[in-house]
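What follows is one structure encoded as structure tokens, with my remarks underneath.
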Amino acid sequence: MRGARLWNNSDDGFDAWEFLSPIRIEDSVAYGNGFNRWDLPDYTGDGNGFKLGGGDEDLPAAHVVTNSIAFRNQVGGFVDNGNPGALRLSRDTAWRNGGTGFDFSDSAATLTRNLAASNAVPAGLGGAAGGGGNSWDLGGTWDDGALISTDPSTLTGPRRPDGGIPRSAFLRPKHGTGVGARL
């Protein structure tokens, strides 16, 4: 899946629940998911940007997510959802999600050069998670002040003539650190 914009869904932006075959997501954005905009009684949307598998039988699938952004989702940005597979995430950004930016406590995930900024919790990693060069590995303060732009209007606006998501400085680190998505 390339260049997808997944927004304002009642549940998750992208949900790979019980996907048996590995999938690749790149250059995509999930935002504003999981909010009860309709005042429905007994509302139960999960509210994750990218939910990467899991299922009734703990089905492992080695999904890959590259150069993608999850922001302002009700709960999480990128989550393994109990998928025990060898997930790989690189150069992704989680910003201002209500829960955990990168929640990989159940998988054998490899997370490399990802950026978590201004989430309730930057990352939740299990013992099997590997990788490095992520914002939480580098230390320092990763909040809105560390970013060039927190204005998503270019990214969420009209697509380029070739159909791509418009390029912008949205959520890029000010000091040039090579972490996070570049859309």
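Details
- Scanning the stretch 6-52 for residues being of a type outside the set (A, V, I, L, M, F, W, C), crowded, with 17+ Cβ neighbours inside 10 Å and in contact with a strand residue (DSSP E or B) (Cβ under 9 Å, 6 or more places away or on another chain) gives a total of 14.
- Within the stretch 143-154, considering residues that are aliphatic (A, V, I, L, M) and not in a loop (DSSP other than H, G, I, E, B), the one surrounded by the most Cβ atoms within 10 Å (Cβ to Cβ): Leu147
- Test: residue in the stretch 155-165 that is outside any loop (DSSP other than H, G, I, E, B), without any contact (Cβ under 8 Å) to a residue 60 or more places away in the chain and not hydroxyl-bearing (Ser, Thr, Tyr): no
Table: residues versus (1) at pLDDT below 95; (2) of a type in the set (Phe, Trp, Tyr); (3) within 12 Å of the chain's Cα centre (by Cα).
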residue	(1), (2), (3)
Phe50	no, yes, yes
Ala61	yes, no, no
Thr66	no, no, yes
Asn73	no, no, yes
Val79	no, no, yes
Ser90	no, no, yes
Trp95	no, yes, yes
Asp103	no, no, yes
Ala117	no, no, yes
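- Qualifying residues in the stretch 120-142 (those that are in contact (Cβ under 8 Å) with a residue 12 or more places away in the chain and either acidic (Asp, Glu) or assigned to a strand (DSSP E or B) (or both)) - the one farthest from Arg88 (Cα to Cα): Val121
- Selection within the stretch 153-173 - within 18 Å of Asn119 (Cβ to Cβ) and of a type outside the set (A, V, I, L, M, F, W, C): Arg172, Pro173
Listed here are the residues, each with its yes/no results for (1) touching a helix residue (DSSP H, G or I) at 6+ places or on another chain (Cβ under 9 Å); (2) surrounded by fewer than 17 Cβ atoms within 10 Å (Cβ to Cβ); (3) closer than 18 Å to Asp15 by Cα.
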position: Asn83; (1), (2), (3): no, no, yes
position: Ala86; (1), (2), (3): no, no, yes
position: Gly130; (1), (2), (3): no, yes, no
position: Asn134; (1), (2), (3): no, no, no
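- Unique residue being at negative phi, modelled with pLDDT under 95 and surrounded by fewer than 17 Cβ atoms within 10 Å (Cβ to Cβ) when the list is Gly176, Gly157, Gly163, Gly140: Gly157
- The selection criterion, being assigned to a strand (DSSP E or B) and either among the charged types (D, E, K, R) or in contact (Cβ under 8 Å) with a residue 12 or more places away in the chain (or both), holds for Phe102.
- Flag for Arg113 being within 20 Å of Val64 (Cα to Cα), within 19 Å of the chain's Cα centre (by Cα), modelled with pLDDT of 95 or more and basic (Lys, Arg): yes
- Pairs are defined by a Cβ separation below 9 Å, a sequence spacing of at least 6 or placement on different chains, a first member in the stretch 107-119 that is over 27 Å from Gly145 (Cα atoms), and a second member that is modelled with pLDDT of 95 or more and in a strand (DSSP E or B); the pairs so defined are Ala109/Arg88; Ala109/Leu89; Ala109/Phe102; Thr110/Arg88; Thr110/Leu89; Thr110/Ser90.
The rows are residues; the columns are (1) in a loop (DSSP other than H, G, I, E, B); (2) under 30 Å from His175 (Cα atoms).
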| position | (1), (2) |
| --- | --- |
| Trp38 | yes, no |
| Thr44 | yes, no |
| Val75 | yes, yes |
| Asn83 | yes, no |
| Ser107 | yes, no |
| Leu111 | no, yes |
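The values are calculated or read from the model by the stated rules, or taken from the named source; none is laboratory data. Because the structure is a prediction, the values reported are computed rather than measured. Quick reminder, even Gly has a Cβ in these numbers, built from the backbone with ideal geometry, and neighbours come from all protein chains shown.
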